[in-house]
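One structure is given below, encoded as C-alpha cells.
Values quoted throughout were computed directly from the atomic coordinates according to the rules given, and no laboratory measurement underlies them. This one's a predicted model, so the numbers in the text were calculated from it and none came from an experiment. Glycine also receives a Cβ, built like all others from the backbone with ideal geometry; neighbour counts cover every protein chain displayed.
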C-alpha cells in the first residue's frame, strides 16, 4: 500500500498544467511579411504569451538567430536554448498564467 500511496502522491503533484502549451515563438517580420534581418544575417525572435492580444503579448524571452531561408532551421535554433531557459523560468511563466487566469 505504501508504494501505491507514493504513486498517487506523485500523480497528484503532476496535475499542474503544462504552461509551455500556451507559449509560442515569433520571428520578427517586416510589414511585407519578410523577415527582419539585422547586420550579420541575424533575425530577432521573441518567445511570447500565445494567449495575448496581437501586438500586446507578454514577451518572456527575446534573442537573435542566424537567418536561414528554411524557417524550420531558424525555429530549431530558437529552441536549442529554450529547454534550459524554460527550466530556469518555469515558475515565472506559471505565475504569469495563474495571475492572468484569476
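Can you pull out the residues in the stretch 58-78 that are free of Cβ contacts under 8 Å to residues at least 12 places away in the same chain and surrounded by 11 or more Cβ atoms within 10 Å (Cβ to Cβ)?
Looking only at the stretch 58-78, we keep the residues that are free of Cβ contacts under 8 Å to residues at least 12 places away in the same chain, and these are 68-70, 72-73, 76.
Scanning the stretch 58-78 gives 68, 73, 76.
Would you be able to tell me the number of residues in the stretch 20-48 that are outside any strand (DSSP E or B), touching a residue at least 24 places away in the same chain (Cβ under 8 Å) and touching a strand residue (DSSP E or B) at 6+ places or on another chain (Cβ under 8 Å)?
So the answer is 3.
Would you mention how many residues in the stretch 49-85 are part of a loop (DSSP other than H, G, I, E, B) and under 26 Å from residue 97 (Cβ atoms)?
10
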